[in-house]
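The values are calculated or read from the model by the stated rules, or taken from the named source; none is laboratory data. The structure displayed is predicted, hence computed values, not measured ones. Using ideal geometry, Cβ is built from the backbone for each residue, glycine included, and neighbour counts are taken over all protein chains shown. For accessibility, only protein heavy atoms count, side chains too; no ligands or nucleic acids. Shrake-Rupley method; radii C 1.70, N 1.55, O 1.52, S 1.80 Å.
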Protein chains: 2
Amino acid sequence: MNPGDLSAALRVVPGTTVDLGAVDPAATYGRRKETAAQELERDLARLRILQERLWAENRRRVLVVLQGIDAAGKGGTIEHVMGAFNPLGCPVHGFKVPTEEELAHDYLWRVHARVPANGEIAIFDRSHYEDVLVVRVLGLVPERRWRPRYEQINAFEQLLAAEGTTILKFFLYIDRDEQRERFQARVADPEKRWKFRMGDLETRRRWDDYIAAYEEVLTRCSTPVAPWFIVPANRKWFRNLAVAQILADTLTNLDPRYPEPAEPIPPDLVID
Amino acid sequence: MNPGDLSAALRVVPGTTVDLGAVDPAATYGRRKETAAQELERDLARLRILQERLWAENRRRVLVVLQGIDAAGKGGTIEHVMGAFNPLGCPVHGFKVPTEEELAHDYLWRVHARVPANGEIAIFDRSHYEDVLVVRVLGLVPERRWRPRYEQINAFEQLLAAEGTTILKFFLYIDRDEQRERFQARVADPEKRWKFRMGDLETRRRWDDYIAAYEEVLTRCSTPVAPWFIVPANRKWFRNLAVAQILADTLTNLDPRYPEPAEPIPPDLVID
C-alpha cells in the first residue's frame, strides 16, 4: 500500500455530509500493528528532514489542528508524532477554557495570536473549533452567535492559507467503549489519575450531542485549503501512523528547499 | 563517575572571577565518545519522565538559557537534547535582532513575555544576555546604559526564581579554531550554507571582545538561584551529554510529583 493512501482515504471531501456512524474508529486500512513501529519510525525520519528544510526555507507555515473527544489521544499524538520534530520551529499550544481577557475579545483573537510564523509547524491542542463544539453543546452562547461561526472560521482559515499557511485538521475518533476503557484505566493509574476530572463524566453523558456537533464541523469546515481528516483512533498505533503519514505527505508536497544564503558567499571563501 | 559530577564541575561558583583562557573547550571530564550515545539516551529517558511529572504537577517552572558564540551549537543542543521533551510543555524561543516594537520597550520586556508558565520548561536560544554581549561589543547603547544591566538582570532572575522558576544558564564554549572549522564546513555544505552570513566573519574578528564580554557575564551573573554553567563544546557529544545531565540532575532535585486529581475520585468509580 503506498504511503499516499491515508491522506486520500481519511480526508473529508469538501461538500460531503459526514455521518460518523458510518466510520469505523477501529479501522486500520490494511496496516498491521507488527510493522507499525518500524513504519512510523521511517515516517518520522522523513518528517524531521522536511521540518528542517521548512525551517531553513523560512517562507511558508504549517498549522496542525488536533481535535477529539476526551481521551481520544491528542496528547499521545503530540508526544509520539510531533515529539519527533525539533522543538525550535514547532510551537504547541493547548487551548483551555478562555481567560477573562480572552473572553473580552472575539473567539478568534486568542487563536490568531498563536498561528505559525514563517518556517514553523504550529500545533493546536484543541482550537477555535471548541467555539462550535463545547460552546454549542453547553449553550455557552446563543445559537444566533455560534451558528455564523462555521463560515467565519472558513473565512479565517482561507485568509491564513492565502497568506502562506498550509492547514491540516485531524479529528481523532474513538468510540464510546474505547473512551470508557481509557477513563477506567486513567482512574486506576496513579500516574494518570491527574488527567481525569469528574466533569469528564458529564461530557461523556453528552456523547451524542458532541458527535452531532463534530459531524457539523466536519461537514461544513472541510475546505480545499483547510481539510479535515477523520483519524480512526481506537488503536493508538494506527492513529500515530495516520497522522505522521498525512503530515509527511503534505510536507513532501510542499517540497521545502534549503535557501541560498541571504548574501552571496564567495565560492573560494577561506575562514581564517 | 557519578552523574552529579558535571553539575558541580561546570557550574560557575557565584563570586568567582571567570577566566575563559583557563577553561579547556575540548575537555570531556573522563567521559568517552564510545559510550556517550548510550549514556545520553539514558539521561534523555530520565528527562522525559521528569518532564511529564513537572507538567502534570503544574506548579513549578524551568527556564533554560542557551548562549554561545556563533556555531557553538545552540541549535544542535536544542535538537539533540531538548528534542527529547514532549513539545507540549517545552516552548523554545529564539531571540533575534529586536523588532521596532521590542526596541520601543525596555530590553527585558520581550524576555519577560516568554518566561515559562507552570509545568513548562522554556528554552531561550539567545536571551537578555545579548543586551550585555552584542550590545556592548558593538556599542549599540552607551556604557552608562548597559553597565547597570548585570544587576538588573540579576534582580529580574531573582524575581523569577522567587516566584517558582528554576533557572539554568549554559554557555557553550568553543575555541576559535573550532569555529573556523565549523564555518568552513557550513560554507561547503549546501544544506548548511543558509546558516552562514558574511556578517558572521565580522563577529569572528571581534572574538576577544566577545570573550571579554562573556567573562563579565559569567563573573557577574552566576548567582545561587540562576547559575551559569560553562560547557566545553568543541566536542558535540560531550556538550549534549553535559547539558542533558545537568538538566536531569536539576529536575531530579526538584522531584516533581504526579498530583492528586483536582476533585476527589471515588475509589470504586465505575465508568459506564
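Is it the case, given these coordinates, that residue A:99 is among the hydroxyl-bearing types (Ser, Thr, Tyr) and open to solvent by less than 20 Å² (accessible area, probe 1.4 Å)?
Working: among the hydroxyl-bearing types (Ser, Thr, Tyr): yes; open to solvent by less than 20 Å² (accessible area, probe 1.4 Å): no.
So residue A:99 does not fit the description; no.
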Query raised in the report: Taking the stretch A:23-81 as the search range and keeping residues that are small (Gly, Ala, Ser) and closer than 24 Å to residue A:131 by Cα, which one is farthest from the chain's Cα centre (by Cα)?
Result: A:71
Requested in this report: Scan the stretch A:196-212 for residues that are open to solvent by 40 Å² or more (accessible area, probe 1.4 Å), outside any helix (DSSP H, G or I) and within 14 Å of chain B (Cβ to nearest Cβ) and jot them down.
Outcome: A:197, A:198
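Identify, from the list A:100, A:163, A:79, the residue that is out of contact with any Asp or Glu (no Cβ under 7 Å at 6 or more places or on another chain) and within 14 Å of another protein chain (Cβ to nearest Cβ).
On the way: A:100 fails: within 14 Å of another protein chain (Cβ to nearest Cβ); A:163 fails: within 14 Å of another protein chain (Cβ to nearest Cβ).
Among A:100, A:163, A:79, only A:79 is out of contact with any Asp or Glu (no Cβ under 7 Å at 6 or more places or on another chain) and within 14 Å of another protein chain (Cβ to nearest Cβ).
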Query raised in the report: Which number in (1) among the hydrophobic types (A, V, I, L, M, F, W, C); (2) within 19 Å of residue B:248 (Cα to Cα); (3) without any contact (Cβ under 8 Å) to a residue 24 or more places away in the chain marks the one condition that residue B:103 misses?
Result: (2)
**Report entry** Pair list, Cβ under 8 Å, 6 or more apart: the stretch A:119-132 residue away from every other protein chain (no Cβ under 11 Å), other residue surrounded by fewer than 21 Cβ atoms within 10 Å (Cβ to Cβ) and among the small types (Gly, Ala, Ser)
**Finding:** A:126/A:94; A:132/A:213
Query raised in the report: Checking residue B:76 against (1) without any contact (Cβ under 8 Å) to a residue 60 or more places away in the chain; (2) surrounded by fewer than 22 Cβ atoms within 10 Å (Cβ to Cβ), which test does it fail?
Result: (1)
Query raised in the report: Which ones in the stretch B:28-62 are open to solvent by 70 Å² or more (accessible area, probe 1.4 Å), within 18 Å of residue B:259 (Cα to Cα) and touching a helix residue (DSSP H, G or I) at 6+ places or on another chain (Cβ under 7 Å)?
Result: B:48
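On the basis of being closer than 24 Å to residue A:212 by Cβ, of a type outside the set (Ser, Thr, Tyr) and either surrounded by 21 or more Cβ atoms within 10 Å (Cβ to Cβ) or facing another protein chain (nearest Cβ under 10 Å) (or both), does residue A:71 make the cut?
Numbers: closer than 24 Å to residue A:212 by Cβ: yes; of a type outside the set (Ser, Thr, Tyr): yes; either surrounded by 21 or more Cβ atoms within 10 Å (Cβ to Cβ) or facing another protein chain (nearest Cβ under 10 Å) (or both): yes.
Against the criterion (closer than 24 Å to residue A:212 by Cβ, of a type outside the set (Ser, Thr, Tyr) and either surrounded by 21 or more Cβ atoms within 10 Å (Cβ to Cβ) or facing another protein chain (nearest Cβ under 10 Å) (or both)), residue A:71 qualifies.
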Requested in this report: Check off (1) within 14 Å of chain B (Cβ to nearest Cβ); (2) β-branched (Val, Ile, Thr); (3) surrounded by fewer than 17 Cβ atoms within 10 Å (Cβ to Cβ) for residue A:225 and give me the number that stays unchecked.
Outcome: (1)
**Report entry** Complete set of residues in the stretch B:180-193 that are facing another protein chain (nearest Cβ under 8 Å), crowded, with 18+ Cβ neighbours inside 10 Å and either of a type outside the set (A, V, I, L, M) or within 23 Å of residue B:240 (Cα to Cα) (or both)
**Finding:** B:183
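Kindly provide the set of residues from the stretch A:114-148 that are in a strand (DSSP E or B) and either more than 21 Å from residue A:204 (Cα to Cα) or open to solvent by less than 10 Å² (accessible area, probe 1.4 Å) (or both), ordered by number.
Filtering the stretch A:114-148 for residues in a strand (DSSP E or B) gives A:121-125.
Matches in the stretch A:114-148: A:121, A:122, A:123, A:124.
For the stretch B:37-61, which positions are more than 14 Å from chain A (Cβ to nearest Cβ), among the aliphatic types (A, V, I, L, M) and under 17 Å from residue B:249 (Cα atoms)? Steps first, please.
Taking the stretch B:37-61 first, the residues more than 14 Å from chain A (Cβ to nearest Cβ) are B:37-43, B:46, B:60-61.
Cutting the leftovers down to among the aliphatic types (A, V, I, L, M) gives us B:37, B:40.
Of everything in the stretch B:37-61, just one residue is more than 14 Å from chain A (Cβ to nearest Cβ), among the aliphatic types (A, V, I, L, M) and under 17 Å from residue B:249 (Cα atoms), namely B:40.
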Report task. Would you check if there is a residue in the stretch A:231-249 being assigned to a helix (DSSP H, G or I), more than 25 Å from residue B:261 (Cβ to Cβ), among the β-branched types (Val, Ile, Thr) and more than 12 Å from every other protein chain (Cβ to nearest Cβ)? Result -> yes
